[in-house]
Structure formats: C-alpha cells, structure tokens
Amino acid sequence: MKKYYFLLLLFFLGLVWSGINPRNYGHWIGEIAAPIVGLIFLITTFNRFRYTILTYSVILISCYLMFIGAHYTFSRVPLFDWIRDYFGQDRNNFDKIGHFFQGIIPVLITREIFLRRNIIKGYKLISFISFCICMATTSVYELIEYIICIIAGGNPQTFLGTQGDIWDSQSDMLAAAIGGVFIVLFLRKLHDRIIKKEFPDTFF
C-alpha cells in the first residue's frame with residue numbers, strides 16, 4: 001500500500017505547487033477540476049478495482065501536466081516557449097504532450113478492465129475497442145472544454161489555448177490518437193506482463 005500512498009502524496013504536492021500564484025486563478029480552477037474529479041473516482045473505486053502501478057503512475061504524470069498547464073496556462077509554459085522560439089515554431093506546443101497522455105490513459109484503463117474482468121473475448125478486439133474509447137474520450141473532452149468556456153463567458157482562444165490555430169481541436173485529438181496507438185502497438189506486451197505480475201489470477 002505504501003506505493004499508492006506515495007503516488008497520492010506526489011499528487012497533492014503537485015496540486016499545491018500549481019496553486020501557488022498561478023497566472024490566473026479562474027483558469028487554474030477550471031484546469032485542476034479534471035484531476036481532482038479523477039482522483040475522487042480512483043479513490044472511491046480503489047477497493048473494488050485496483051489498477052496496476054503503471055496505470056496509476058501514468059495518470060499521475062498526466063495530472064502533473066495538467067498542474068503545470070493550470071499554473072502557467074497551457075499556451076505560456078516557459079520551457080515550451082523556449083522550444084518554440086529555438087526551433088522557430090508557430091506556437092507553444094505544451095498542450096500536445098498533455099493530449100498525448102490523454103490518449104494513453106483511456107487505453108490503459110480500458111485494457112485492464114477488459115482483460116481482468118474478461119468482459120470481451122478476443123485480444124485484438126480489446127485493443128481496437130480500447131482505441132475507440134480513447135478517441136471517444138478525447139472528442140468528448142474537447143466538447144466539454146468548449147461548453148464550459150462558453151457558459152463561463154470566457155474567451156475560447158485564451159481558455160482553450162488555441163493560439164489562433166483553427167485546427168487546434170483536431171490536432172489535440174490527433175495527439176491523443178498517437179498516444180493510444182503508442183500503447184496498442186508498442187507497450188501492449190509490457191502492460192500485459194505488469195498485469196500478470198501484479199494480478200496473477202488474470203488469464204488471457
């Protein structure tokens with residue numbers, strides 16, 4: 001259990017750092033809402049279904065990306081401003097890293113549930129459906145972001161970090177798709193080994 005408490009400690013340390021003098025508190029609240037809701041869900045379901053330490057660790061990394069984006073705003077993260085200027089890019093691309101992980105997480109979670117609960121028969125079918133859920137998740141997230149921004153009366157270009165890019169939502173979904181494909185094609189077997197090691201009663 002110590003490793004799970006350690007991850008929880010890291011989550012709150014990141015959250016506290018993020019909340020110290022952020023660029024805009026309204027933006028900060030909007031961005032940290034998703035990690036906090038996710039944490040509550042994972043805690044309440046922990047005893048019923050415990051994911052592998054790999055999945056929890058990847059989720060934590062994604063949360064830290066959200067904390068950084070909430071602190072600076074996604075379009076103004078200093079390191080990626082430097083990368084933009086150094087390589088002559090048109091925009092700060094920090095948010096694409098976050099969306100890459102947004103594609104990884106649904107695939108990891110879905111694969112674990114399907115494999116360990118034996119919900120769906122067919123190893124390749126599980127990978128395909130996991131990827132479909134990844135794409136559904138990222139598209140719904142884009143819609144929710146935009147709707148919240150409109151309801152709050154904010155500027156979509158500022159809150160969503162589009163930076164004037166009319167294809168920002170589509171490129172966000174592409175980044176998530178690449179993350180999902182990365183798991184399905186390259187880390188699937190590693191994920192399988194970790195599942196079998198941590199939950200030996202799993203058969204697939």
Segment 1-40, residues that are of a type in the set (Gly, Ala, Ser) and out of contact with any His (no Cβ under 7 Å at 6 or more places or on another chain):
Gly14, Gly19, Gly26, Gly30, Ala33, Ala34, Gly38
Does any residue in segment 122-136 that is closer than 19 Å to Leu174 by Cβ come within less than 6 Å, Cβ to Cβ, of a residue that is among the polar types (S, T, N, Q) six or more places away or on a different chain, and which pairs are these?
Ser130/Thr110; Ile133/Thr110
Of the residues in segment 145-180 that are aliphatic (A, V, I, L, M) and modelled with pLDDT of 80 or more, the one that is surrounded by the fewest Cβ atoms within 10 Å (Cβ to Cβ) is Ile178
Would you say Ile68 is at pLDDT below 95 and either over 24 Å from Leu190 (Cα atoms) or of a type in the set (Phe, Trp, Tyr) (or both)?
no
Within the group Gly88, Gly103, which residue is crowded, with 21+ Cβ neighbours inside 10 Å and either under 21 Å from Ala177 (Cβ atoms) or more than 18 Å from the chain's Cα centre (by Cα) (or both)?
Gly103
Take the residues in segment 116-134 that are modelled with pLDDT of 90 or more and touching a helix residue (DSSP H, G or I) at 6+ places or on another chain (Cβ under 6 Å), then tell me which one is farthest from Ala177 (Cα to Cα).
Ile126
Members of segment 55-83 found to be crowded, with 18+ Cβ neighbours inside 10 Å and over 19 Å from Ser18 (Cα atoms), listed by number:
Thr55, Tyr56
Inspect segment 43-50 for any residue being crowded, with 18+ Cβ neighbours inside 10 Å and touching an Asp or Glu at 6+ places or on another chain (Cβ under 9 Å) and give the result as yes or no.
no
Could you tell me whether segment 68-88 includes any residue that is within 22 Å of Ile133 (Cα to Cα), hydrophobic (A, V, I, L, M, F, W, C) and part of a helix (DSSP H, G or I)?
no
When you go through (1) closer than 29 Å to Val184 by Cβ; (2) surrounded by fewer than 17 Cβ atoms within 10 Å (Cβ to Cβ) one by one for Phe94, which number turns out not to apply?
(2)
Matching entry among Ile53, Ile61 (being at pLDDT 95 or above and in contact with a Lys or Arg (Cβ under 8 Å, 6 or more places away or on another chain))
Ile53
Just one of Leu39, Leu15 is of a type outside the set (S, T, N, Q), surrounded by 11 or more Cβ atoms within 10 Å (Cβ to Cβ) and free of Cβ contacts under 8 Å to residues at least 40 places away in the same chain; which is it?
Leu39
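The values are calculated or read from the model by the stated rules, or taken from the named source; none is laboratory data. Owing to the predicted nature of the structure, the values given are computational and were not obtained by experimental measurement. In this analysis, Cβ positions are derived from the backbone assuming ideal geometry, glycine residues included, and neighbour counts consider all displayed protein chains.
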